[in-house]
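Just below is one structure, and these are the notes that go with it.
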Amino acid sequence: MRDEALMRAAENHLKASGRRMAALVEAIGPCQITYTPPTFESLARSIVYQQISIRAARSVYGKLRGACCEAGEMHPAHVLPFCEAELRACGLSAQKARYIRDLAAKTEAGLVEFPRFPSMSDEEVIAELTQVKGIGLWTAQMFLIFSLRRPDVWPTGDLGIRNAVQKLHRLKAHPTPAETEARGRKWRPYASIACWYLWRSLEPTGPF
């Protein structure tokens, strides 16, 4: 469940940060961010979904789950018996098969410890996750936002966020990560919630 008190505090803070963000929050309405559990399976799923259509990702992920575990939560021990070629038979690219096997191996070895993440800082979680092949800063930040529910993550390298900042502020030029960082300061300590509104503003049915 979402922390509704935190969401309302975030919305009020964002509305007080400036008229453009206030108009965006009012137009979209209450934040309805959807979270996933902070588990191995959630992160493996996010790797599958990278850079392919949602429809294709659902198909591949369904095949992966069907091959690795019949029921319940997927764990590293379900994945490790499968070689890369067997994982690719589920529809994964060669790279993603390597990434998921590496995540499983490092989790099984204790180099990535999901149970400890809730008590770790954002920086510590990022450092641990980016040991894994195929997991960079962006993927780690998405895990912080959508699985660990951290309220103040500001992914300035995210193209959608930069596009949304340009649109919101009616900028002539696409903002650099440094410019995006500066413009996001007024939304802290609720930058993650600001991200949700900014991403929503880019949808075809968005308010602006």
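The values are calculated or read from the model by the stated rules, or taken from the named source; none is laboratory data. Computed from a predicted structure; not experimentally measured. Backbone-built Cβ (ideal geometry, glycine too); neighbour counts: all protein chains shown.
For the range 3-40, which positions are under 30 Å from Ala104 (Cβ atoms) and in contact with a Ser or Thr (Cβ under 9 Å, 6 or more places away or on another chain)?
Ile33, Tyr35, Thr36, Pro37, Pro38, Thr39, Phe40
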For this session: Look through the range 24-43, keep the residues that are in contact with a Pro (Cβ under 9 Å, 6 or more places away or on another chain) and touching a residue at least 60 places away in the same chain (Cβ under 8 Å), and return whichever of them is farthest from Thr139 (Cα to Cα).
Result: Ala27
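Go through the range 45-72 residue by residue and tally those that are part of a helix (DSSP H, G or I), free of Cβ contacts under 8 Å to residues at least 60 places away in the same chain and either under 13 Å from Cys90 (Cβ atoms) or charged (D, E, K, R) (or both). Show your work before the answer.
Keep residues of the range 45-72 that are part of a helix (DSSP H, G or I), which gives 45-49, 54-68.
Subsequent filtering for residues that are free of Cβ contacts under 8 Å to residues at least 60 places away in the same chain retains 45, 48-49, 54-68.
Among the residues that remain, those that are also either under 13 Å from Cys90 (Cβ atoms) or charged (D, E, K, R) (or both) are: 45, 48, 55-68.
Within the range 45-72, residues that are part of a helix (DSSP H, G or I), free of Cβ contacts under 8 Å to residues at least 60 places away in the same chain and either under 13 Å from Cys90 (Cβ atoms) or charged (D, E, K, R) (or both) number 16.
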For this session: Among what's in the range 137-173 and is of a type in the set (Ser, Thr, Tyr) and out of contact with any Gly (no Cβ under 8 Å at 6 or more places or on another chain), pick the residue that is nearest to Leu103 (Cα to Cα).
Result: Thr139
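If you scan the range 1-19, which residues turn out to be in contact (Cβ under 8 Å) with a residue 24 or more places away in the chain and surrounded by 13 or more Cβ atoms within 10 Å (Cβ to Cβ)?
Result: Arg2, Leu6, Met7, Ala9, Ala10, Glu11, His13, Leu14, Ser17, Gly18.
Among the residues in the range 43-52, are any touching a Ser or Thr at 6+ places or on another chain (Cβ under 7 Å) and either on the phi > 0 side of the Ramachandran plot or not assigned by TED's automatic domain parsing to the domain that holds Ala140 (or both)?
If we filter the range 43-52 for residues that are touching a Ser or Thr at 6+ places or on another chain (Cβ under 7 Å), which is where we start, we get 46.
With either on the phi > 0 side of the Ramachandran plot or not assigned by TED's automatic domain parsing to the domain that holds Ala140 (or both) added as a condition, the list becomes none.
Within the range 43-52 (the criterion being touching a Ser or Thr at 6+ places or on another chain (Cβ under 7 Å) and either on the phi > 0 side of the Ramachandran plot or not assigned by TED's automatic domain parsing to the domain that holds Ala140 (or both)), the answer is no, since none of the residues qualifies.
Just give me the residues in the range 49-74 being touching a helix residue (DSSP H, G or I) at 6+ places or on another chain (Cβ under 6 Å) and surrounded by 15 or more Cβ atoms within 10 Å (Cβ to Cβ), in sequence order.
Within the range 49-74, the subset touching a helix residue (DSSP H, G or I) at 6+ places or on another chain (Cβ under 6 Å) is 49, 57, 60-61, 68-69, 73-74.
Hits for the range 49-74 are Tyr49, Ala57, Val60, Tyr61, Cys68, Cys69, Met74.
Looking at the range 103-118 only, could you name the residues that are part of a helix (DSSP H, G or I) and farther than 21 Å from Pro155 by Cα?
Across the range 103-118, the qualifying residues are Leu103, Ala104, Ala105, Lys106, Thr107, Glu108, Phe114, Pro115, Arg116.
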For this session: Keeping to the range 144-190, report how many residues are in contact with a helix residue (DSSP H, G or I) (Cβ under 6 Å, 6 or more places away or on another chain), buried (at least 17 other Cβ atoms within 10 Å of the Cβ) and part of a helix (DSSP H, G or I).
Result: 11
Problem set entry | Check on Arg116, of a type in the set (Lys, Arg) and not assigned by TED's automatic domain parsing to the domain that holds Ala178 | yes
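Restricting to the range 128-138, name every residue that is surrounded by fewer than 20 Cβ atoms within 10 Å (Cβ to Cβ), outside any loop (DSSP other than H, G, I, E, B) and not acidic (Asp, Glu). Please lay out each step first, then the result.
Initially, the range 128-138 is screened for residues surrounded by fewer than 20 Cβ atoms within 10 Å (Cβ to Cβ), giving 128, 130-131, 133-134, 136-138.
Those left that are additionally outside any loop (DSSP other than H, G, I, E, B): 128, 137-138.
The answer is Leu137, Trp138.
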Seminar exercise, completed: The number of residues in the range 84-132 that are touching a His at 6+ places or on another chain (Cβ under 9 Å) and aliphatic (A, V, I, L, M) is 1
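One line per residue, one yes/no per condition, for (1) of a type in the set (D, E, K, R); (2) under 19 Å from Leu64 (Cα atoms); (3) touching a helix residue (DSSP H, G or I) at 6+ places or on another chain (Cβ under 9 Å):
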residue	(1), (2), (3)
Ala5	no, no, no
Arg19	yes, no, no
Glu26	yes, no, yes
Thr34	no, no, yes
Glu41	yes, yes, yes
Ala44	no, yes, yes
Ile47	no, yes, yes
